[in-house]
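To start, the structure under review is shown below, and the notes come after it.
The values are calculated or read from the model by the stated rules, or taken from the named source; none is laboratory data. Here the structure is a predicted model, which is why all the values come from computation and not from measurement. Ideal geometry is used to build each Cβ from the backbone, glycine not excepted, and the neighbour counts take in all protein chains shown.
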Amino acid sequence: MASERPAVVSIQDLAKHVGTEVVLQGWLYNKRSSGKLHFLEVRDGSGITQCVMAKADVGEDVFVAADGLQQEASLRVSGKVVAHPKREGVYELQATGFELVAAPSEAYPITKKEHGPDFLMDHRHLWLRSKRQHAIMRVRHTIVTAIREFFDDRGFTLIDAPIFTPSACEGTSTLFETDYHGQPAYLTQSGQLYMEAAAAAFGKAYCFGPTFRAEKSKTRRHLAEFWMVEPEVAFTDLEGVMDLAEDFICHIVGRVLERRRPELAELERDVAALEKIQKPFPRVTYTDAVNLVAEERAKLEAASEAPRLEWGNDFGAEDETLLAKRFDRPVMVHRWPEEVKAFYMKRDPADPRLALGVDVIAPEGYGEVIGGGQREESLEVLDAAIQKHGLPMDAFEWYRDIRKYGGFPHGGFGLGLERMVSWMCGLGHVRETIPFPRMLNRLSP
Ligand code: 4AD
Ligand code: MG
């Protein structure tokens with residue numbers, strides 16, 4: 001007869017095993033003791049739970065051995081699952097024994113005391129084990145799932161864009177150059193140009209992958225390597241792009257609220273602010289936005305160090321924050337001076353100084369989360385723009401073909417995953433939104 005060995009279960013499934021004997025496999029997160037009881041906090045990746053070990057239940061030897069356990073010791077704990085006496089929906093283990101899998105060879109470097117961001121970033125591979133980082137990564141995971149779900153449910157085809165590219169998409173100042181068998185190549189800044197080709201082949205396409213910007217500035221919002229999702233749609237215009245962006249953001253926020261309440265609570269995120277994210281989002285022209293920023297700036301008590309926003313300039317982080325103060329949901333700023341936007345943007349037929357671009361600026365000061373717009377479809381106008389931006393025409397031959405063979409109105413956008421995670425989690429810095437951040441001064445771990 002098979003022996004009745006208790007089942008190994010995940011902490012997230014404890015509710016299903018109340019009253020039975022189980023085994024948890026994980027790491028010691030924290031330990032408190034009071035005379036005849038140890039309170040072992042164990043994490044297994046799916047969650048954290050308390051294992052209450054009474055000397056009376058396990059005997060003197062086991063009790064003393066447990067007393068010597070260090071933080072991050074890996075172990076198997078057996079015991080009976082019980083509902084927490086006071087906290088509803090919380091379960092714990094009445095431990096009956098444990099097996100040490102491996103004791104740490106050194107004291108764990110991340111302790112209860114406050115550590116500076118550089119120290120934590122140097123220990124990112126360990127820091128990911130902490131409750132807060134765990135919560136952030138779970139929110140990120142849910143956002144990624146929501147993104148795929150949204151496009152898949154709307155008839156988009158996933159078309160992966162290459163990472164090595166022969167040319168710039170978003171301006172030459174932020175290109176990472178690399179050697180491609182003796183020929184210069186660049187890490188992709190955006191998959192957009194490839195998605196335009198994909199839109200002609202599939203009607204609605206999207207790519208979702210890592211993109212690279214050699215940003216020389218150290219800000220709270222910029223990474224050198226970040227993930228971008230880029231939908232592109234045939235036979236749409238700027239309005240259609242804005243409608244899609246609005247539905248898309250509402251879908252993501254809805255999913256995060258539906259599936260990640262415990263994580264948002266762990267992060268102390270104000271969920272009321274997220275619950276306000278409903279259609280319609282305000283749509284403001286760039287020109288009106290410049291005036292709103294000036295009004296907000298005039299209300300500031302202390303004069304700001306940042307240069308005043310003049311018509312014709314791109315928004316700085318502070319301008320975005322000032323504009324966002326006016327709204328409790330994302331604001332869509334459209335029709336930008338063509339000078340500040342990329343070569344591929346379509347000019348506004350009503351005013352050639354303007355490009356049919358849109359930036360979606362998140363509320364609460366989280367900044368631009370989406371950039372996109374309608375693309376130039378005329379080969380003649382596109383050629384002039386490529387020349388004006390000093391880009392090498394030969395590298396764009398294939399891109400020009402998209403206009404040569406059945407040009408069509410089209411548009412799309414890019415959403416920066418890490419900016420979205422920052423906003424959903426309420427984080428002050430984008431460095432915690434990606435498992436292993438790459439920034440101006442950081443290439444490791
Ligand atoms: O506004 P961007 O530069 O637009 C494009 O790359 C277009 N080609 C996208 C398209 O239309 N298909 O970047 C899009 C978004 C930004 O709104 C921001 O959320 C994010 O990508 N982003 C960054 N995120 C983190 N670090 C950086 N250095 C980022 N640069 C852009
Ligand atoms: Mg942008």
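List the number of the failed condition for P210; all other conditions in (1) assigned to a helix (DSSP H, G or I); (2) free of Cβ contacts under 8 Å to residues at least 60 places away in the same chain; (3) surrounded by fewer than 18 Cβ atoms within 10 Å (Cβ to Cβ) hold. The number of the failed condition is (1). For the range 162-207, filtered to residues that are in a helix (DSSP H, G or I), surrounded by fewer than 19 Cβ atoms within 10 Å (Cβ to Cβ) and within 15 Å of ligand 2 (Cβ to nearest atom), the residue that is modelled with the highest pLDDT is T174.
Quick grid of which residues meet (1) at negative phi; (2) hydrophobic (A, V, I, L, M, F, W, C); (3) modelled with pLDDT of 95 or more; (4) surrounded by 15 or more Cβ atoms within 10 Å (Cβ to Cβ):
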{"position": "R403", "(1), (2), (3), (4)": "yes, no, yes, yes"}
{"position": "G406", "(1), (2), (3), (4)": "no, no, no, no"}
{"position": "G414", "(1), (2), (3), (4)": "yes, no, yes, yes"}
{"position": "E418", "(1), (2), (3), (4)": "yes, no, yes, yes"}
{"position": "V421", "(1), (2), (3), (4)": "yes, yes, yes, yes"}
{"position": "M424", "(1), (2), (3), (4)": "yes, yes, yes, yes"}
{"position": "G428", "(1), (2), (3), (4)": "yes, no, no, no"}
{"position": "T433", "(1), (2), (3), (4)": "yes, no, yes, yes"}
{"position": "F436", "(1), (2), (3), (4)": "yes, yes, yes, no"}
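Checked across the range 348-363, the condition of being more than 11 Å from ligand 1 (Cβ to nearest atom), over 30 Å from D383 (Cα atoms) and either without any contact (Cβ under 8 Å) to a residue 40 or more places away in the chain or crowded, with 19+ Cβ neighbours inside 10 Å (or both) holds for at least one residue. The residue that is nearest to ligand 2 (Cβ to nearest atom), among those in the range 382-392 that are of a type outside the set (A, V, I, L, M, F, W, C) and touching a Phe, Trp or Tyr at 6+ places or on another chain (Cβ under 8 Å), is H389. Candidates are the residues of the range 389-433 that are of a type in the set (S, T, Y) and outside any loop (DSSP other than H, G, I, E, B); the one that is farthest from ligand 1 (Cβ to nearest atom) is Y399.
Restricting attention to the range 213-229, the residues being surrounded by fewer than 23 Cβ atoms within 10 Å (Cβ to Cβ) and either within 16 Å of F413 (Cβ to Cβ) or away from ligand 2 (no atom under 15 Å from the Cβ) (or both) number 8. Per the listing R32, R76, the residue uniquely on the phi < 0 side of the Ramachandran plot, part of a strand (DSSP E or B), in contact with a strand residue (DSSP E or B) (Cβ under 9 Å, 6 or more places away or on another chain) and surrounded by fewer than 12 Cβ atoms within 10 Å (Cβ to Cβ) is R32. I want to confirm something. Restricting to the range 47-65 and keeping residues that are small (G, A, S) and touching a Lys or Arg at 6+ places or on another chain (Cβ under 8 Å), which single residue is farthest from A135 (Cα to Cα)? Selected residue: A56. In the range 63-75, the residues that are more than 15 Å from W27 (Cα to Cα) reach residues that are assigned to a loop (DSSP other than H, G, I, E, B) and not hydroxyl-bearing (S, T, Y) with C-beta atoms within less than 9 angstrom, at least six apart or across chains, in these pairs: F63/K36. The set of residues from the range 277-303 being surrounded by fewer than 12 Cβ atoms within 10 Å (Cβ to Cβ) and either touching a residue at least 40 places away in the same chain (Cβ under 8 Å) or in a loop (DSSP other than H, G, I, E, B) (or both) comprises K279, P280, L300, E301, A302, A303.
Scanning the range 14-32 for residues that are within 21 Å of K131 (Cα to Cα) and not aromatic (F, W, Y) turns up L14, A15, L24, Q25, G26, L28, N30, K31, R32. Scanning the range 1-17 for residues that are of a type in the set (A, V, I, L, M), out of contact with any Lys or Arg (no Cβ under 9 Å at 6 or more places or on another chain) and surrounded by fewer than 16 Cβ atoms within 10 Å (Cβ to Cβ) yields M1, A2, A7, A15. In the range 162-178, the residues that are more than 14 Å from ligand 1 (Cβ to nearest atom) form Cβ pairs under 7 Å with partners that are among the β-branched types (V, I, T), at six or more places apart or across chains, as follows: P162/T188; I163/T188.
Of all residue pairs spaced 6 or more apart or on separate chains, those with beta-carbon atoms under 6 Å, a first member in the range 1-15 that is within 12 Å of Y91 (Cβ to Cβ) and part of a helix (DSSP H, G or I) and a second member that is modelled with pLDDT of 95 or more and acidic (D, E) are I11/D44.
Taking L257, is it without any contact (Cβ under 8 Å) to a residue 40 or more places away in the chain and either polar (S, T, N, Q) or part of a helix (DSSP H, G or I) (or both)?
yes
Mind checking whether some residue in the range 229-242 is farther than 15 Å from I143 by Cβ, part of a loop (DSSP other than H, G, I, E, B) and within 16 Å of ligand 1 (Cβ to nearest atom)? Yes.
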